[in-house]
Every structure is written in C-alpha cells, then in structure tokens.
1. Residue 202 passes all but one of (1) assigned to a loop (DSSP other than H, G, I, E, B); (2) in the same structural domain as residue 21 (by TED's automatic domain parsing); (3) under 17 Å from residue 287 (Cα atoms); which number fails?
2. Does residue 172 satisfy being farther than 24 Å from residue 319 by Cβ and in contact with a Pro (Cβ under 7 Å, 6 or more places away or on another chain)?
3. Answer yes or no as to whether residue 97 is of a type in the set (D, E, K, R) and surrounded by 14 or more Cβ atoms within 10 Å (Cβ to Cβ).
4. Select from region 203-260 the residues that are of a type in the set (Gly, Ala, Ser) and under 23 Å from the mean Cα position of the chain (by Cα) and list them in ascending order.
5. Which of (1) crowded, with 17+ Cβ neighbours inside 10 Å; (2) at positive phi does residue 105 not meet, given it meets every other one?
6. Here are the criteria: (1) among the β-branched types (Val, Ile, Thr); (2) closer than 30 Å to residue 154 by Cβ; (3) assigned to a helix (DSSP H, G or I). Tell me which single one residue 286 does not satisfy.
7. Scan 139, 182, 156 and give me the residue that is in contact with a helix residue (DSSP H, G or I) (Cβ under 9 Å, 6 or more places away or on another chain), of a type in the set (Asp, Glu) and under 30 Å from residue 242 (Cα atoms).
8. Quick one: would you say residue 147 is touching a His at 6+ places or on another chain (Cβ under 7 Å) and over 23 Å from residue 13 (Cα atoms)?
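The values are calculated or read from the model by the stated rules, or taken from the named source; none is laboratory data. This one's a predicted model, so the numbers in the text were calculated from it and none came from an experiment. Positions of Cβ are backbone-derived with ideal geometry, glycine not excepted, and every protein chain shown enters the neighbour counts.
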Amino acid sequence: MPIVTPLTKLLNIRMPIVQGGMQWVGVPKLVAAVSNAGGLGVLTALTQPSPAALRTAIQETRKMTTKPFGVNITLLPSIKPPDYAGYARAAVEEGVRIFETAGHSPGELIKYFKANGCIVIHKCTTIRHAKSAAKHGVDVLSIDGFECAGHPGEEDIGGLVLLARAAKELQIPYIASGGIADARGYAAALALGAAGINMGTRFMCTVESPIHQNIKEKIVASSEQDTVHIFRTMHNTARVFKNKISMEVVAIERRPGGAKFEDIRELVSGQRGRLVYENGDPDYGIWSAGISVGLINDIPMCEDLLRTMEKGVDEVINDLSSLVVKSKL
C-alpha cells in the first residue's frame, strides 16, 4: 500500500520522496525520472547559467514528464550574487508552482512565491531557523541533519535528535534530509514524525544522474568514512567527498593562524567541481557527498530505486508491527 502523508497530498505525488536540488546534478533528465517514478524531482536553478536557460530546462523537463516537479533556489554568500529574483520570476512564469529554497535570508523569495500561489519547501539545519521560516509562510520544512551533503550548518546536530525536536516543536509538515539512502532510513524518518524524505547523494548514484560513471562507481565503492568537512574555520561548513583536494583544503585551514578564502579559492572552484562530474576524475576538485555513501551499493534506474524503497519501507513497518505484544485480557 502507498504511504500517504501531508506531503503526498500537498504535492500530488505517489511517494513522499523528494530529490534535493544539487548543483550540476538537478537537471531535466534526472528530475523527470524521479517525478515519473512517483517522487518529486527538483531542478537546480543555479546549475543553469541564466534565468533564460532555466526556462529552457523547465520546458525540457515538461517534455519528459507530466508529473509535478519543483525548482531549487539556494542563496549562498557570493562576491557577485546570481540573479535570484530573475530565476524565481522565470520559473513562476513558466508555470512552476513548487519551490525548494535554502540558504541565507530567503524571506523576499518566499514572499514572492507565496504571492504567486506557490508551494514552498524550505531547508533548515536548526529548529530556530525552521520556526523563522514557518513565520514567513513556507508550507513544508526540510530538516537537514549533520549527516547531509553540502551545508549542514555549524551546530553539528544529527538527524535523530533534530527530527525528534521537529516533531515536538513545528506546527507544519517537515521532511527529513541527510543520511537517508534506503528503506530503513525512510521508515525511521516517518517514525520520527517526518511527512517524507529528501535524498541527494542517493539520486546522484542512479542511471539517470548526469554525473560521470566513474563518480557513481566511486560512490558505490565508498564507506561512511569517505566524506570530510571543509570551510569549518570560515563558519561556512560543507560536507564533501574526501579526496586529495578536500584534504589539501583541510590542511590549509589547520595551518597556524588559519586561512583566508583567498588561500583556497582555486582549489574549491565550482568549475573544478563541475569537471569532476563531467570527466570522472574524483580527485580533480571538490564535490558534495553525504555519509549515506556508506549505504549505497548499486546504480539503479530511478524507477527501480523508488519501487525498492516503497517495498522496503512496507516490510520494515510490518516487521515493527510484529514486535507489538497484544494483551490477553
């Protein structure tokens, strides 16, 4: 039987599984595959070089799926900020009505989306930030635990505690993000009160993912010990794959007196990271990966992945129900 939650009802999707927005990864082919499989695919706006290019990506996605899909816009510190408003306007004008937002001070974006009748999922790494986002009118919160790829925040709170806190303190639906790659994690998130799950690294390692086969195979061969945090000393922590470049960055940050961003700028260039995905050399640049790499041992099609998770979560829930001892009275 399908899992029905406030998320499936709100988004009109069959499974409460969201493909998180990922730079260079959330492109039309993957997004359509996830949505066609019953989840929610999410285009990453900033993967596209301009708002006009995002329009084209949305149109391409619509050619491949009639199912709901969303667009991610993440606001991060930048010397030259992207045209966030332009990306938002382009997506809304193309008819997108589901958005995933993340990062610093998204209030104006959220206000714009809500004024245009959109559903907003906002990613947070703390309960206080989640409460603030709820006050801005978001519909769903995505709660990112310390296990996640990308930016886990600075407070290092794991998902087990963070999600339990969310169940006690949040008044709107939330989904679990970070460290989830199989049916056990899916079931655990539901048990902790989540209305669904967000997966990033797991979707990187699928047939429809645009990244190089070598990188997918590297993920399969890796363990939960193969990620590392960079930018810790700069209070902009990011979890990335542990390779020659990321360990060099960590070494520079640990030098006496610390480091400035200028000291590592070339090493952490986004273009180098993009080439990792294109050329397949896992040591060429920085690339995001969550500790869920330790749970990934195959490269399935999205449809097969979601069907396996759907079947698996049902089995886990049934196994748990068998533990209940019924009174003889």
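1. Exception for residue 202: condition (1).
2. Numbers: farther than 24 Å from residue 319 by Cβ: yes; in contact with a Pro (Cβ under 7 Å, 6 or more places away or on another chain): no.
Spelling it out, it is not the case that residue 172 is farther than 24 Å from residue 319 by Cβ and in contact with a Pro (Cβ under 7 Å, 6 or more places away or on another chain).
3. Working: of a type in the set (D, E, K, R): yes; surrounded by 14 or more Cβ atoms within 10 Å (Cβ to Cβ): yes.
Taking the combined requirement at face value, the residue satisfies it.
4. Within region 203-260, the subset of a type in the set (Gly, Ala, Ser) is 209, 221-223, 238, 246, 251, 257-259.
Listed by number, the residues that qualify are 209, 221, 222, 223, 238, 246.
5. (1)
6. The one condition residue 286 does not meet is (3).
7. Details: 139 fails: under 30 Å from residue 242 (Cα atoms); 156 fails: in contact with a helix residue (DSSP H, G or I) (Cβ under 9 Å, 6 or more places away or on another chain).
Being in contact with a helix residue (DSSP H, G or I) (Cβ under 9 Å, 6 or more places away or on another chain), of a type in the set (Asp, Glu) and under 30 Å from residue 242 (Cα atoms) holds for just one of 139, 182, 156, which is 182.
8. Numbers: touching a His at 6+ places or on another chain (Cβ under 7 Å): no; over 23 Å from residue 13 (Cα atoms): yes.
When the stated conditions are applied, residue 147 does not pass them.
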